[in-house]
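S.K.: Handing you a structure now.
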Amino acid sequence: MAGIETLFTNAKLADGTLKDIGVAGGRIVSIAPAGAVQDAAAQVDIGGALLVPGFVEGHIHLDTSFYGDKWIPHKACTDGFDVHERVAFQAENMAQAAPMDERARNQLDLCIANGSLQMRSHVMVDGSVGLKSLETILRVREEYRDLIDIQLVAFPQSGILKSPGTPALLDEAVSMGADLVGGLDPASFDRDVNGHLDVVFGVAECHGVGVDIHLHDFGSLGAFTIEEICARTVALGLQGRVAISHAYGLGDLDTDAARRIGGGIAAAGVSIMTNAPGNHAFPPVALLRAEGVTVFAGSDNIRDSWWPYGDGDMLGRAMMIGYRSGFYTDDELSAAFDVVTYTGAKALGLEGYGIAIGAKADFVTLAAEHVPEAVVAVPKGRRVFKGGRLVAENERVIRYDALSRRGPASARLDR
Ligand SMILES: [Zn+2]
């Protein structure tokens, strides 16, 4: 077939078929039975491995991880989980951490090496740090533009109404390049749901950007806030562009109540992000999907002040979501995989996602018989391709010479 720059041969697709995938200009231009295509400028043998689209890391914090830095022991809250106290611990820890750009690169290398090629990161924007963190992460995003696509959320970690100057900072953050505006527990943190959401949705409306709000509130307080967010989403015509991260309260509801609110969330086109945290209730993934809700996932905190866990592996995250959700059948395991791939892409509004003609040639190889086995086994030794170019192999990101952009210049140093 004419025009193919690189032919990826013997790739096993999710449906079990063996295909040759032609790539040109960073996009998939052909998908043909293995051996059918003879004419390509270059060939890469996938060797029968499972070929899946790059993972979608839907929620991470590039500014606050200590991954690759010295170990900072976790400090427990004095009386149960308390967002205010955790924010205070974080400020203490950040003051003694390595420079932010270094830590962000460490985290990005980790995620890319595991196969994440699309990411949404929250970045602190509030009265305590101003726009400094965002300036740093915007620079790092630019450095990594050939390796991973990154959306940034202006995240008011210290609240909006309680942190002087934050409304104006959120507005400026979006002008500077943040793609979405965030929020944090409008009720329990700022103690003013309407006042908080007025600012968040005001910035979204003014700039025409999406919204992604951290909501840790449990039970009926969480459910109430979700309904308020859904109502504003519909009122502003922002369906498909608003996400609620964590939404722990959905995990506290009985089945009928969860179905009812799930139907409302789906109708409002609001997405729900979960990382299946280990120590409390989390959204019922299967129930919400059955109601038509877009459920996506992220690592959230990786080795930071909030918890010591996290390995940047979204396939491992799919396993955790499946494990905590009691997913056993192949369909259920495939659903967990969908959360970190196609549904994640839908939540982030990504163009050209998937293994299809016309899609971006962003894919990962997995040593697994099929998707359900991959979710259970979480195989390593992956090859990661961005725009048809190898960007990571054997858990290492490949550095390219920025001048030539033709071939690998040096491998990443071991840390
Ligand atoms: Zn978060």
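S.K.: Pull out the extension gain between Glu143 and Asp330, defined as 0.36 nm times the separation in residues minus the alpha carbon to alpha carbon distance; nm, one decimal.
M.R.: Gain on stretching Glu143 to Asp330: 63.4 nm.
S.K.: Something else about it: Using alpha carbons only, how many degrees (0 to 90, rounded to 10) separate the axis of helix 219-235 from the longest principal axis of the chain?
M.R.: 70 degrees
S.K.: Against the longest alpha carbon principal axis of the chain, how many degrees, from 0 to 90 and to the nearest 10, is the axis of helix 100-113 turned?
M.R.: That works out to roughly 50 degrees.
S.K.: Per the Debye formula with a single identical scatterer at each Cα and no solvent contribution, what log10 I(q)/I(0) holds for the stretch 119-244 at q = 0.10, 0.21, 0.22 Å⁻¹?
M.R.: Here log10 of I(q) over I(0) equals -0.28, -1.17, -1.26.
S.K.: Expressed as a whole percentage, what fraction of the accessible surface of the chain belongs to carbon and sulfur atoms when a 1.4 Å probe is rolled over the protein heavy atoms?
M.R.: Solvent-exposed carbon and sulfur of the chain make up 52 percent of the total.
S.K.: Report, to the nearest 10°, how far helix 83-95 tilts away from the longest principal axis of the Cα atoms in the chain, using its own Cα long axis and a range of 0 to 90°.
M.R.: Here the helix axis deviates by roughly 60 degrees.
S.K.: Using +1 at the C-beta of Lys and Arg and -1 at the C-beta of Asp and Glu, which of Ala258, Ala178, Ala42 has the Cα lying farthest in the positive direction of the dipole of the chain?
M.R.: Value: Ala42.
S.K.: If one computes the Cα centroid of the stretch 328-343 and of the stretch 106-128, what distance in Å separates the two points?
M.R.: Using only Cα atoms to place each centre, the spacing works out to 23 Å.
S.K.: Additional query: Taking every DSSP beta bridge that has both residues in the chain, what percent is antiparallel when rounded to the nearest 5?
M.R.: Antiparallel bridges: around 45 percent, rounded to the nearest 5.
S.K.: Can you work out ³J(HN,Hα) from phi for every residue in the stretch 369-383, in order, using Karplus 6.51 cos²θ - 1.76 cosθ + 1.60 and θ = phi - 60°, giving whole Hz and x for Gly and Pro?
M.R.: In residue order, the calculated couplings are 5, 7, 4, x, 5, 4, 5, 7, 8, 6, x, 9, x, 7, 10 Hz.
S.K.: On each of the three principal axes of the Cα atoms of the stretch 30-188, give max minus min coordinate, whole Å, ordered largest first.
M.R.: Extents along the principal axes, in whole Å: 64, 36, 30.
S.K.: Quantify how much of the Cα-Cα distance distribution of the stretch 210-276 extends past 18 Å, in percent.
M.R.: The answer is 27 percent, as a whole percent.
S.K.: Return one whole number: the accessible area per residue of the chain in Å², for a 1.4 Å probe.
M.R.: 39 Å²
S.K.: If you don't mind, another one. For Ala32 and Asp254, calculate 0.36 nm times their separation in residues minus their Cα-Cα distance, and state this gained length in nm to one decimal.
M.R.: Here the segment from Ala32 to Asp254 would lengthen by 75.1 nm.
S.K.: Where in the stretch 175-193 does the amide nitrogen come within less than 19 Å of the point 7 Å from the Cα of Glu135, taken along Cα to Cβ?
M.R.: Correct set: 175-179.
S.K.: Enumerate the lysines that Lys132 could reach by cross-link, defined here as Cα to Cα under 28 Å, with residues fewer than 8 away along the same chain left out.
M.R.: Hits, sequence-local ones excluded: Lys70, Lys75, Lys162.
S.K.: Rank-order 278-286, 339-347 by packing density, defined as the average count of other C-beta atoms within 10 Å over each peptide's residues, highest first.
M.R.: 339-347, 278-286
S.K.: Could I ask something else about it? Each residue of the stretch 187-203 in order: what ³J(HN,Hα) in whole Hz does its phi give by Karplus 6.51 cos²θ - 1.76 cosθ + 1.60, θ = phi - 60°, with x for Gly and Pro?
M.R.: 7, 7, 8, 8, 6, 7, 4, 5, x, 5, 5, 4, 5, 4, 6, x, 5
S.K.: List the residues whose amide H sits under 5 Å from the amide H of Leu117, counting only those 5 or more places along or on another chain, with H placed 1.01 Å from N in the peptide plane.
M.R.: Amide H to amide H, under 5 Å and 5 or more residues apart or across chains, Leu117 pairs with Phe55, Glu57.
S.K.: Let me know the charge dipole size of the stretch 32-101 about its Cα centre in debye, to the nearest 20, where only the beta-carbon of Lys, Arg (+1) and Asp, Glu (-1) is charged.
M.R.: 120 debye
S.K.: As an exercise, find the ratio Rg/Rh for the chain from alpha-carbon atoms, using the Kirkwood inverse-distance average for Rh.
M.R.: Using Cα coordinates only, the ratio equals 0.97.
S.K.: Moving on to the next point. Give or take rounding to whole Å, what are the principal axis extents of the alpha carbon atoms in the stretch 57-135, in descending order?
M.R.: The Cα atoms of the stretch 57-135 stretch 38, 26, 23 Å along the principal axes, largest first.
S.K.: Label points 7 Å out from Cα along the Cβ direction at Ala91 and Lys75: separation in nm?
M.R.: So the label points at Ala91 and Lys75 sit 1.1 nm apart.
S.K.: Quick one: what Rg and Dmax do you get for the stretch 1-84 from the alpha carbons, in Å?
M.R.: Looking at the stretch 1-84, its Cα Rg and Dmax stand at 22.0, 66 Å.
S.K.: A further question on this structure: Quick one: Debye curve from the C-alpha atoms of the stretch 299-361, no solvent, what's log10 I(q)/I(0) at q = 0.15, 0.28 Å⁻¹?
M.R.: -0.58, -1.10
S.K.: Read phi for every residue in the stretch 334-341 and hand back ³J(HN,Hα) as whole Hz from Karplus 6.51 cos²θ - 1.76 cosθ + 1.60, θ = phi - 60°, with x for Gly and Pro.
M.R.: 3J(HN,Hα) across the stretch 334-341, in whole Hz: 5, 5, 4, 5, 4, 4, 9, 10.
S.K.: Add -39500 (n - 2.57) for each DSSP H run of 4 or more in the chain, then divide by its residues: what number comes out at 222 nm, to the nearest 500 deg cm²/dmol?
M.R.: -10500 deg cm²/dmol
S.K.: Using the charge dipole of the stretch 293-353 (Lys, Arg: +1 at Cβ; Asp, Glu: -1 at Cβ; taken about the Cα centre), state which of Ser325, Val339, Tyr309 has its Cα farthest towards the positive end.
M.R.: My answer, from the dipole projection, is Tyr309.
S.K.: So, one more: At R0 = 35 Å, how high is the FRET efficiency between Ala356 and Met176 if r is their beta carbon distance? Nearest 0.05 is fine.
M.R.: 0.55
S.K.: If I take every Cα pair under 8 Å that is 6 or more residues apart in the chain, average their sequence separation and divide by the length, what percent do I get for the relative contact order?
M.R.: 18 percent
S.K.: Tell me the label-point distance for the pair Asp101, Gln239, using the 7 Å Cα-to-Cβ offset, in nm and rounded to one decimal.
M.R.: That separation, rounded to one decimal, is 4.4 nm.
S.K.: In Å, what Kirkwood hydrodynamic radius results for the stretch 222-329 from the alpha-carbon pair distances?
M.R.: Final number for the Kirkwood radius of the stretch 222-329 is 14.3 Å.
S.K.: Between Asp192 and Glu373, what length comes free when the chain is fully extended (0.36 nm per residue of separation minus the Cα-Cα distance, one decimal in nm)?
M.R.: 60.5 nm
The values are calculated or read from the model by the stated rules, or taken from the named source; none is laboratory data. Everything numeric in this text was worked out from a predicted model, so none of it was measured. Note that each Cβ is placed from the backbone with ideal geometry, even for glycine, and that neighbours are counted across all protein chains shown. The accessibility values were calculated without ligands, DNA or RNA, using every heavy atom of the protein model including side chains. Shrake-Rupley method; radii C 1.70, N 1.55, O 1.52, S 1.80 Å.
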